[in-house]
Structures are given as C-alpha cells and as structure tokens.
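Notes follow once the structure below has been shown.
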Amino acid sequence: MNYSKQFVVGLPKAELHLHLEGTLEPDLKLKLAIKNHVNIGQKTIKEVKASYRFHDLTSFLKVYYPAMNVLQKESDFYDLAWAYLLKAKKNNVKYCELFFDPQAHTSRGVSFKTVINGYYKAVSQAKKLGIEAHLIMCFLRDMPYESAKKTYQQMLPYKNKIIAIGLDSDERNNPPEKFIKIFKQAKKDGLHITMHCDIDQIDSIKHIKTCLKNIGVERIDHGTNIVEDKSLVDFAIKHKIGFTCCPVSNSFVTKDMKGKEIKYLLKKGALVTVNSDDPAYFQSYISDDMYTLATKYKLTKAEMIKLVKNSFNASFMSEKKKKQYLKLVDKYAKAH
Ligand code: HPA
Ligand code: ZN
C-alpha cells in the first residue's frame, strides 16, 4: 500500500451509519452510572469493557440496550453526542447523519423531549468543531408497529430537528414491510428515508428488494447481501442508492468484514461507503474501519478517495453542498 494510516485519518469524510447509543464508551458509561445511581453490574472500566462481548446481532443487542439505562437526563444525551463529535473531529469527519433510538429510552420512562433536546443541542453546536451534523430517528423494528406510530407522533413537533427516518434493531422476523405505511408517510412529510438490511439475515435479499422496490428507500444501511442478485445491484446503481457499510461491525457479528462484497460494489460503481456503526462496542472509529478494510483487502489510494467521495454523494445534503465537500476531497488528494 502506498499510503499510511495518517493519510486515511486526514481524508475529509462524511459518516452516515453511526448509532449515537453505540458511542457509549466504557468510561462515560461508568461515569453516568455513578452520577445517576444506576446499578450496571460493573464497577471498573475494565469490567465494563469485558462485558462488551457478542457473536451476532441478537447477542450484541442484548448488551447494547441495557447499557442505555445510564442515560437519564438531557445533559447525558448531550454529553454522549458531544463525546462522539470530538472523536469525529479527530477523524476529519466534516459531515455526519447520526442515528438515535428514541424507543430505547421512552420505553424505560425517559421522555422523547429529553432525548431529542439533548442530542439536538450537541448536533447544533457541532459547527464549533467544523462539523455539520444531523439526526436520523430510527424505529426499533422488534417493537410493534403501534409503538413506531406513537413515536412518529411524538416526533412531529420536533420535525425540523431531524433529517430522516431509519429502521434498526433485530431484523429476524421483522421485515421492512412491517413499517411500510409509516415510511411512506415520512416521505410525504418531507423526510428522507433509510433502513437497515443487516448482514446475512434470513431473507436478506428479499428485504433488500422490498426496501428498494416497494418502499423506495434512498439508502440501505449495511446491505452487502445485495451482491446475491445482480439485477438488484444494477437497480441500486441506476437509482444512486447509498450503502452504508461497516466492515469492523460486520466482523464482530458475522466473523467476516464483507470486504469482498464492499470491493465488488465499489468497482461496479455502487455508492458504497464505510462507517463505524457502534464504535464504542467494536473499538473502531471511522478511520480505523477504513484502514482495517484497506489493509486486509488491499484498497488503492484511488479507491479510498472514491469511498469518501461516495459518502458525501450518498448523504442527504443538497447537490450544491456536495460539490463543495467533493472539492475539499480533491484538494486533499492532490496535496497527498
Ligand atoms: N443493526 C441493527 N441494529 C443496530 C445496529 C445494527 O448495525 N447497531 C445498533 N443497532
Ligand atoms: Zn447500524
């Protein structure tokens, strides 16, 4: 490889697949647990770190949701998002669209207002760090449709604080069509839409097809199983569908980074991007994900540049703004 990790860190980036709840580092978790008198079952950072263990999506989510009990006050949500933004700055993230899961908090008695106001305060201050940040509200697909509908109603007074609607959590037995009505409504209400199609799920390809052909999502989060159907790959390229891939996260939940698939999609001209998903749990921020993928799959400098350009192109910003960010990437590429 004719470039260093430093080159990758320095590349101007957009991050499009990042769960704010997945940025809860063990030290902040412990700090908030003590402050809010929440018994988390661990007493040291080392113990918290050791508890971050899983082998698939379901076992990951079993560790992930209980950890959120430490988030209680508006300032806790702010602190969590701000800590991520500081890390993003170090990774030269210039633009980000961040997932959050309101139902993971409202279901345990924290109000929607507390969650959104805390997160929004942080994203609106991101400018101070030279970052433009936005929020994507996700529904938990393993909760009933009625709960998503209620969450959508709770969101409406704050609609100008979010850019899009997403879908995450356990995909098993929770196909995208369960939420078709609410995503179509969101589109009518002027919001962007994206959905997770997690790696190697039962019916992955069927879910991807539904997302693309019946629901009309603009991006798919993960989604590399699309390589199983060449006509769908062609459809995604034609319609400029973004794929927000997370190689290190993939390697935790499936033992494979899905690098072959990412490289294939990149070469074919799909809008494939690299992101960190839940960096505190996978101990890998966006530059680490990019560099890990690059070393294992021998990506060229030109391919790395293409990946970051794809991330700006797959974002929900205006075409005019995209051009400005792409110029920044070109300037960096020329200087390095
Ligand atoms: N998939 C589904 N749910 C999630 C993920 C993911 O990658 N990360 C956090 N919640
Ligand atoms: Zn995710």
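Quick look at the values:
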| quantity | calculated |
| --- | --- |
| Cα gyration tensor, segment 1-151 - rounded (a/c under 1.5), prolate or oblate | prolate |
| Under-5 Å amide H pairs with ILE193, H placed in peptide plane, nonlocal only | ILE165, GLU218 |
| Spin-label pair ASP234/VAL38, simplified geometry with 7 Å Cα→Cβ offset, distance in nm | 5.0 |
| Straight-distance crosslink candidates among aspartates and glutamates, where the alpha carbon sits under 14 Å from LYS298 and sequence neighbours closer than 8 are dropped | GLU261, ASP289 |
| Residues of segment 1-23 with amide N under 18 Å of a point placed 7 Å along Cα→Cβ from LYS267 | 1 |
| Accessible area of the chain divided out per residue, in Å², using a probe of 1.4 angstrom | 42 |
| Cross-link table LYS87/LYS121; LYS206/LYS301; LYS150/LYS188; LYS35/LYS94, entries beyond 23 Å C-alpha to C-alpha | LYS206/LYS301; LYS35/LYS94 |
| Computed log₁₀ I(q)/I(0) - Debye formula, equal Cα scatterers, no solvent, segment 213-258, q 0.14, 0.27, 0.32 Å⁻¹ | -0.37, -1.00, -1.17 |
| Gyration tensor verdict on the chain (Cα atoms; rounded if a/c is under 1.5, prolate if a/b is larger than b/c, oblate otherwise) | rounded |
| Rounded to whole Hz, the Karplus (6.51, -1.76, 1.60) HN-Hα couplings of segment 110-118, x for glycine and proline | 8, 6, 4, 4, 4, 5, 5, 5, x |
| Derived scalar couplings ³J(HN,Hα) [segment 20-26; Karplus, 6.51 cos²θ - 1.76 cosθ + 1.60; whole Hz; x for Gly, Pro] | 4, 5, x, 9, 6, 6, x |
| Among GLY130, ASN69, HIS55 - extreme Cα towards positive end, dipole of the chain, charges at beta-carbon | GLY130 |
| For CYS96, distant residues with modelled amide H under 5 Å away | GLU15, GLU132, ALA133, HIS134 |
| Qualifying aspartates and glutamates (Cα of each under 13 Å from Cα of LYS255; at least 8 residues distant if same chain) | ASP56, ASP200 |
| GLU97, GLU261, ranked by accessible area, largest first (probe 1.4 Å) | GLU261, GLU97 |
| Net charge dipole size for the chain [Lys, Arg +1 and Asp, Glu -1 on Cβ; Debye, nearest 20] | 1140 |
| Whole-angstrom gap from segment 223-272 to segment 15-81, using each part's C-alpha centre | 29 |
| Segment HIS336-GLN283, length gained on full extension (0.36 nm per residue, minus Cα span) | 16.3 nm |
| Magnitude of the charge dipole, segment 66-184, Cβ model with Lys/Arg +1 and Asp/Glu -1, debye to 20 | 400 |
| Using θ = phi - 60° and Karplus 6.51 cos²θ - 1.76 cosθ + 1.60, couplings along segment 38-55 (whole Hz; Gly, Pro as x) | 9, 7, 9, x, 10, 10, 10, 4, 4, 5, 5, 4, 5, 7, 7, 10, 6, 9 |
| Peptides ranked, highest mean first, by Cβ atoms within 10 Å: ranges 83-94, 151-162, 245-256 | 245-256, 83-94, 151-162 |
| Unsatisfied cross-links (Cα-Cα over 19 Å) in the set LYS13/LYS184; LYS149/LYS184; LYS62/LYS296; LYS89/LYS263 | LYS13/LYS184; LYS62/LYS296; LYS89/LYS263 |
| Relative contact order (%) - criterion: Cα under 8 Å, at least six apart; region: the chain | 21 |
| Three-way shape label, segment 288-336, alpha-carbon gyration tensor, a/c 1.5 | oblate |
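The values are calculated or read from the model by the stated rules, or taken from the named source; none is laboratory data. All figures in this text were calculated on a predicted structure; none of them were measured in a lab. With ideal geometry, Cβ positions are generated from the backbone for all residues, glycine too; neighbour counts draw on all protein chains shown. For the accessible areas, the whole protein counts, side chains as well, though only heavy atoms, and no ligand, DNA or RNA atoms are used. Shrake-Rupley method; radii C 1.70, N 1.55, O 1.52, S 1.80 Å.
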